[in-house]
Amino acid sequence: MSAETPASREVPKKENRFKVWRQTRPFWAGLFTIIASVPIAYLPYGDVRLGNITLAMATTAGAGALIIGVLLFTLGLTMWFQPVVRVFAGIAAIVLGLVSIPVSNFGGLVIGFLFALVGGGMSAAWAPAPPVEETDDAEHHGEPVTFEKTVDASEAQTVMAAGVPEQAHGPATDTTTDANGGRNSAG
């Protein structure tokens, strides 16, 4: 280890911590799902006051809309903090978005419904990036790294033969003829 080599390559700089955290999970999917929860949960309970006139979109299914909104919010946080269950959370967000259409004022006036569908789809489709292999820069001195390996015929034959099991070639008997080479039939 030299003076130029950092002590730990695992700890990101202060400016990059959020960026690294965001890139290791379905961040935007969780954000869209959390945004979807707001209109779905708020609209059945919210009211707008225009002077002496109160506009209320209260429905009989207000409790269902609140439950859907809270579940979408929870699924968004789950996508952020438990990226292992991203597929389940994405599918659940899509299903809750679809259920919100009849339950919560057309899915939060379609805004919450669309955000839930996009967030759920992004979460189900997200996959972590493959790990990056680190190379020792001091060893190569800026030269391009090439990975070439020649395989001779004996190695190739060994690898090819390892994947195929050998078949037993013995004299045919009544039991081997009836068994049809190990493949029994039901009739």
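The values are calculated or read from the model by the stated rules, or taken from the named source; none is laboratory data. Fair warning: this is a prediction, and the values are worked out from it, not measured in the lab. Glycine gets a Cβ as well: all are built from the backbone with ideal geometry, and neighbour counts include every protein chain shown.
Summed over the stretch 77-111, residues that are small (G, A, S) and modelled with pLDDT under 90 total 4. Being under 14 Å from F27 (Cα atoms) and out of contact with any strand residue (DSSP E or B) (no Cβ under 7 Å at 6 or more places or on another chain) narrows it down to one residue among G108, G64, G120, G112; which is it? Within the list G108, G64, G120, G112, the selection yields G120.
Of all residue pairs spaced 6 or more apart or on separate chains, those with beta-carbon atoms under 6 Å, a first member in the stretch 75-100 that is closer than 18 Å to P128 by Cβ and a second member that is among the charged types (D, E, K, R) and part of a helix (DSSP H, G or I) are M79/R86. Of all residues assigned to the stretch 65-73, at least one qualifies as being farther than 27 Å from F18 by Cβ, free of Cβ contacts under 8 Å to residues at least 40 places away in the same chain and surrounded by 24 or more Cβ atoms within 10 Å (Cβ to Cβ). Condition check for A127 on (1) among the hydrophobic types (A, V, I, L, M, F, W, C); (2) under 30 Å from K19 (Cα atoms); (3) part of a helix (DSSP H, G or I): one failure, at (3). Within the stretch 108-129, residues that are surrounded by fewer than 16 Cβ atoms within 10 Å (Cβ to Cβ) reach no partner that is in a helix (DSSP H, G or I) with beta carbons closer than 6 Å at six or more positions or on different chains.
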